[in-house]
Amino acid sequence: MKIDRRCFLSLVIGGAVGTTLTPVPWKLTDDIAIWSQNWPWTPVPEDGPSKYENTVCAMCQGGCGITVRKIKQRAVKIEGMSGHPVNKGSVCPMGISSLQYLYGPSRVKSPMKRTGKRGEGKWEKISWDDAIAEVSDKLKELRNQEEPHKVACTADSDRNTVGYLFDRFLAAYGSPNFIRTPSSEDANELALYLAQGRNATVGWDIENADFILSFGVPLMDSPDSAGRMFSAYSALDEKAELVQIEPRLSDTAAQSKRWIPAKPGTEGVLALGLAHVIVKDKLYDSDFVKNYSSGFEDSEDEDGNTRKGFKSLLEDYSPASVAETTGIDKAKIITLARDFAGAGRPLAICGRPIVQGSVDEALAIHALNALVGNINKKGGMVAIPEPDYLGWSEMQRDETASKGRQQPRIDGAGTDRFPNARHLLHRLPEEINSAGDKAPLQVLLVAGGNPLYTIPDTEAAKKAFDRIPFIVSFSPFMDETAEYADLILPNHHFLERYEDIPTPRGYAKPVTGLARPVVDPQHDTMHTGDAVISIAKNMDEFIREAFPWDDYRDFLEQTFSDRWKSLEKEVYSVRKDFTPADWEDAFDTPSKKYEFYPTSRQMPPDSERDRLPACRPLEIPGDGDSKELPLLFVPYVSVRIAEGAIANPPFMTKTVDDTVIKEGEVFVEINPETAKENDLSEGDSAVLKTSSAEARVRVHLFEGIMPGLVAMPAGLGHTAFSDYISGKGENAYSLLEAVSDPASGLNTGWGSRASLSRA
Amino acid sequence: MAKKAQHTATKRYGMVIDLDKCTGCGACMVACYSENNVPFREDESDKMLSLNWIQVFKVDNQKPFPDTEVCYIPKPCMQCDGDHVGHPPCVSVCPAVATDYDQPTGIVSQISPRCFGCRYCMAACPYHARQFNWWDPVWPAEMKQYLNPDVSVRMRGVIEKCSFCYHRYQKARNKAYMEGRDEIPEDEYQTACAEACPVNAITFGDLLNDEHEVHKLSKGKNAFRLLERLNTNPKVYYTTTKDWVRRITDNYLENETPGDVEKARKAQKASH
């Protein structure tokens, strides 16, 4: 057909008129607009007067003061509380994100009883009365069978009232098994007890030190210390020097003035090497060493045998031999030792993440502080006494209780094998799995720690849990352990409850924080303190009488008595009367001095070891298998990833780089050199195999990690909580194996031999 | 005499971020999500679809172990002034006036109800500061409870970006007005990220006001901006003493120094 002018015009005009009149394009445009911007679906947050309330964050053990912004009854924002002595206004991402837990889908909304198989996720809601009765009946039954020692409890702290209530309950009930969840505090606390004779925690006066020698402490990488460290770090004198000993360029190492990568596990050896130089060059504080310490020189014991002193021990740690063990240049070791001893207020700190740590290593690093005479000094290492408000009030116990309490602990702590240790949660699977037909543990009360996620070798832990007939979780969230429990008695979220927070680990002044309810309980939950008191009230007379309080609030008020009002108002209290003891009275050891040779250290019967901290490179599982497992797997912690019991809320996962986690897969960091040797390149999918398990990972090349290592963040790979949290990455703890330090029993399994091959 | 209505002096709100101080903790990011109702998805490990108003990037000097160094670069919207003041790259291309340059403050706005999602601005922004809402935001369980009423929630199909917490400016301005003041003191208007930064690496204030810390810091010897030669004139400054960090923030030729670029830029401006 020929298109003439007339035809063309009629087509164009006809088309234009037609298009204008037909509703189709307009309807479509409208639909597109509606589809693309569904406005009525977006929430409109209710407005109202806003106010700010102070409390203390309990997401981790850091004890930071926070300010919660509220609109009417809603908590909408968390900010750092200015003027709080610990964090001085700073706050970490975990603290800010805690609102996602308060209102999030992983809360346990009421007491729940398992109906399906364990871990199947089938639950029945029950009333609080029934829940309390259920636990009490089970406990009564066990007690009637004269087996009260087959009950154990895990809690995050033995220095606050909730931990105290549990321990008191177990004492009245007749079980020795109060197990504090593991942390790096364990080795430090034990070393402090052995060398100084004090039942105290270690405080590092970082704020006032001018040379901080950190043996792999994740100062700025772990939420546990971040709040305090950030403010301390930004206030540090320009001239102050932070030295980080760590095989990986962590955020702390990146901020340090000197990053010294030592072969992992040899930190204790390095400490003794530095001590060697300090002693040889006579750079130590001779007043302290001569007058306030013992065991420095060789001596004679009661039987007339020669006892090797610390000085003689150091002969084996010459810079040349330490250089070989640690991989650090000899000259660097000597310079570091001289700089440390020559500084005005030097401070050596220890506390490896993930594990409890080696006592020898802690003793060696504490000894460095003793050598430079900074014990209980400004900018030094300070012994922080236990809270003064917690004390055992008179309690009558029946025979069952006394007998049960004297039974050996289920985790072996305090027994002949591990005489000095206090809490060994990681040994639970081993003890339970190796027991005969009769389960050694009948009831497990989990009031902290999420052990099914954090105990190394998750599979073994699960097997052990299968052999515990009755598991009760007090978690406010549906975590891995709660999911595997028989009964959940959900606690309030920390923004809904009172709870005293003990001095944060490493903080150099005794400070008590008080978390207080900022919002009303969102669900049918109960304070764990109230749950314990209610359970006790259901028990026999003696136990009932050991808990004379109406409820937890009443108990708390009585405990703090005249301090309560100001504590509730200020949310923290610093012990004003506290000054670190003078060297004259600082030490409560048998010699009343700082003991380089810890005489009260009890060694296991078959040990050939001397009591001196003769550090060796730490044992690594799979060590004999260097052909099959040529690499070394080390988990690392990051302040953007919640590393322990509580998982990353979505906000935190959002902050994590796509070279750490991407589309559900976790990346391991390896040096490009290691990648070349193993024929791997950036982004490759690979299988990481350790001595205990394997995992599918992806590869990220990073120059800042020592060749031969494979590093993975701890805290990913949760399987519980909610869809927003689970199924992202792999659980680093499941790739580890617990290693009980032969001398103390503490878990030192910080790494494992591994292989990495392309998937 | 009755009090005369006054126009307050023009401000140029800006930021100076000390890269030597930043530890990469991410508190700024999370504070921003919380303050600005930034949505999240079920799988936040799916980084392609993750939305951020401020993001902290990790860079390293590429030197072999153990001479490696890392640096973190927090990157909010650069709040560009543009080649001629008031013409940032995104504002020039927006067909809906959904993003505009606020003359009194210098803040580049993003008005979601006006935006129809053409994403021209996203393409025009050289800093990837803008992101698109492909899906409706969802707050599961009771999570709507924590939403901040000062910032409206964005719907799907629109662009969103950092606003320098403009709602906080509005509040501070209203407060000053009610109290009969013209000036907003530095501490009355701070962004959520600057406030949250635990090591005080982020300083925020009026770049034109010599009483504000940022005024001095932005003129410091080590202060610079990202992709400076594009003449976008950002109001977000960075400082670092490390040369390798400085070089990473622009596409320098092998023998080119930041100084050369600055000189060339000034010469070009003069001849314009």
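Laid out as a table, the results:
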read-out: Residue satisfying all of: in the range A:697-713; in contact with a Pro (Cβ under 7 Å, 6 or more places away or on another chain) and surrounded by fewer than 22 Cβ atoms within 10 Å (Cβ to Cβ); farthest from A:Arg616 (Cα to Cα) among these; value: A:Leu701
read-out: Which listed residue is of a type outside the set (S, T, N, Q), at positive phi and either modelled with pLDDT of 95 or more or in contact with a strand residue (DSSP E or B) (Cβ under 7 Å, 6 or more places away or on another chain) (or both), from A:Lys282, A:Lys290, A:Lys257; value: A:Lys282
read-out: Meets criteria (in a loop (DSSP other than H, G, I, E, B), within 14 Å of another protein chain (Cβ to nearest Cβ) and among the β-branched types (Val, Ile, Thr)) for B:Val97; value: no
read-out: Flag for B:Lys58 being more than 28 Å from B:Ile107 (Cα to Cα) and either touching a Gly at 6+ places or on another chain (Cβ under 7 Å) or at the interface with another protein chain (Cβ under 8 Å from one of its Cβ atoms) (or both); value: no
read-out: Verdict on B:Asn37 being closer than 25 Å to A:Glu665 by Cβ, assigned to a loop (DSSP other than H, G, I, E, B), touching a residue at least 40 places away in the same chain (Cβ under 8 Å) and of a type in the set (S, T, N, Q); value: no
read-out: Residue in the range B:80-93 that is surrounded by fewer than 20 Cβ atoms within 10 Å (Cβ to Cβ), more than 14 Å from chain A (Cβ to nearest Cβ), under 15 Å from the mean Cα position of the chain (by Cα) and in a strand (DSSP E or B) present; value: yes
read-out: Cβ-Cβ under 6 Å pairs, at least 6 apart or on other chains, the range A:603-621 side crowded, with 20+ Cβ neighbours inside 10 Å, far side aromatic (Phe, Trp, Tyr) and in a loop (DSSP other than H, G, I, E, B); value: A:Leu612/A:Tyr597
read-out: Residue check for B:Cys77: crowded, with 17+ Cβ neighbours inside 10 Å, closer than 27 Å to A:Thr653 by Cβ, modelled with pLDDT of 95 or more and away from chain A (no Cβ under 14 Å); value: yes
read-out: Only one of B:Lys144, B:Lys161 that is free of Cβ contacts under 8 Å to residues at least 40 places away in the same chain and either under 27 Å from A:Pro650 (Cβ atoms) or not hydroxyl-bearing (Ser, Thr, Tyr) (or both); value: B:Lys144
read-out: Condition check for A:Pro49: free of Cβ contacts under 8 Å to residues at least 12 places away in the same chain and surrounded by fewer than 22 Cβ atoms within 10 Å (Cβ to Cβ); value: no
read-out: Test: residue in the range A:205-223 that is at negative phi, assigned to a loop (DSSP other than H, G, I, E, B), acidic (Asp, Glu) and more than 10 Å from chain B (Cβ to nearest Cβ); value: yes
read-out: So A:Lys332, is it assigned to a helix (DSSP H, G or I) and of a type in the set (Lys, Arg); value: yes
read-out: Any hit, the range B:67-80, residues being touching a helix residue (DSSP H, G or I) at 6+ places or on another chain (Cβ under 6 Å) and at positive phi; value: no
read-out: Single match in A:Gly83, A:Gly95, A:Gly89, A:Gly121 (criterion: over 30 Å from A:Thr719 (Cβ atoms) and touching a residue at least 60 places away in the same chain (Cβ under 8 Å)); value: A:Gly89
read-out: Set A:Leu272, A:Leu249: member being crowded, with 24+ Cβ neighbours inside 10 Å and within 14 Å of chain B (Cβ to nearest Cβ); value: A:Leu249
read-out: Cross-chain or 6+ apart pairs with Cβ under 8 Å, the range A:144-173 first and touching a residue at least 60 places away in the same chain (Cβ under 8 Å) and under 16 Å from A:Ser475 (Cβ atoms), then part of a helix (DSSP H, G or I) and hydroxyl-bearing (Ser, Thr, Tyr); value: A:Val162/A:Thr528
read-out: Qualifying residue in the range B:207-228 (condition: within 14 Å of chain A (Cβ to nearest Cβ) and under 25 Å from B:Val85 (Cα atoms)); value: no
read-out: Helices (runs of 4 or more DSSP H) within the range B:101-215 that include 2 or more residues modelled with pLDDT of 95 or more, at negative phi and surrounded by fewer than 19 Cβ atoms within 10 Å (Cβ to Cβ); value: B:120-124, B:166-178
read-out: Which numbered condition A:Gly373 fails, given (1) on the phi > 0 side of the Ramachandran plot; (2) modelled with pLDDT under 95; (3) surrounded by fewer than 24 Cβ atoms within 10 Å (Cβ to Cβ); value: (2)
read-out: Unmet requirement for A:Glu459, which otherwise passes all of (1) of a type in the set (D, E, K, R); (2) surrounded by 24 or more Cβ atoms within 10 Å (Cβ to Cβ); (3) at pLDDT below 95; value: (2)
read-out: Members of the range B:21-34 found to be part of a helix (DSSP H, G or I) and within 8 Å of another protein chain (Cβ to nearest Cβ), listed by number; value: B:Ala27, B:Met29, B:Val30, B:Ala31, B:Tyr33, B:Ser34
read-out: Check on A:Ala16, buried (at least 17 other Cβ atoms within 10 Å of the Cβ) and small (Gly, Ala, Ser); value: no
read-out: Answer residue from the range A:505-550, given it is of a type in the set (D, E, K, R) and touching a Phe, Trp or Tyr at 6+ places or on another chain (Cβ under 7 Å) and is surrounded by the most Cβ atoms within 10 Å (Cβ to Cβ) among those; value: A:Asp530
read-out: Among the residues listed as A:Ser757, A:Ser734, A:Ser685, the single one being crowded, with 20+ Cβ neighbours inside 10 Å and more than 14 Å from every other protein chain (Cβ to nearest Cβ); value: A:Ser734
read-out: Identity of the residue in the range A:21-36, within 14 Å of chain B (Cβ to nearest Cβ) and either exposed (fewer than 11 other Cβ atoms within 10 Å of the Cβ) or over 54 Å from the mean Cα position of the chain (by Cα) (or both), that ends up modelled with the lowest pLDDT; value: A:Trp35
read-out: Residue within the range B:236-249 that is closer than 23 Å to A:Glu79 by Cα and assigned to a strand (DSSP E or B) present; value: no
read-out: Some residue of the range A:694-705 being in a loop (DSSP other than H, G, I, E, B), touching a helix residue (DSSP H, G or I) at 6+ places or on another chain (Cβ under 6 Å) and more than 17 Å from B:Glu44 (Cβ to Cβ); value: no
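Quick grid of which residues meet (1) closer than 20 Å to A:Asn648 by Cβ; (2) buried (at least 22 other Cβ atoms within 10 Å of the Cβ); (3) within 10 Å of another protein chain (Cβ to nearest Cβ):
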position: A:Cys57; (1), (2), (3): yes, yes, no
position: A:Thr67; (1), (2), (3): no, no, no
position: A:Gln73; (1), (2), (3): no, no, yes
position: A:Gly95; (1), (2), (3): yes, yes, yes
position: A:Gly104; (1), (2), (3): yes, yes, yes
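The values are calculated or read from the model by the stated rules, or taken from the named source; none is laboratory data. These figures come from a predicted structure and were not determined experimentally. So basically every Cβ, Gly included, is an ideal-geometry build from the backbone, and we count neighbours across all protein chains shown.
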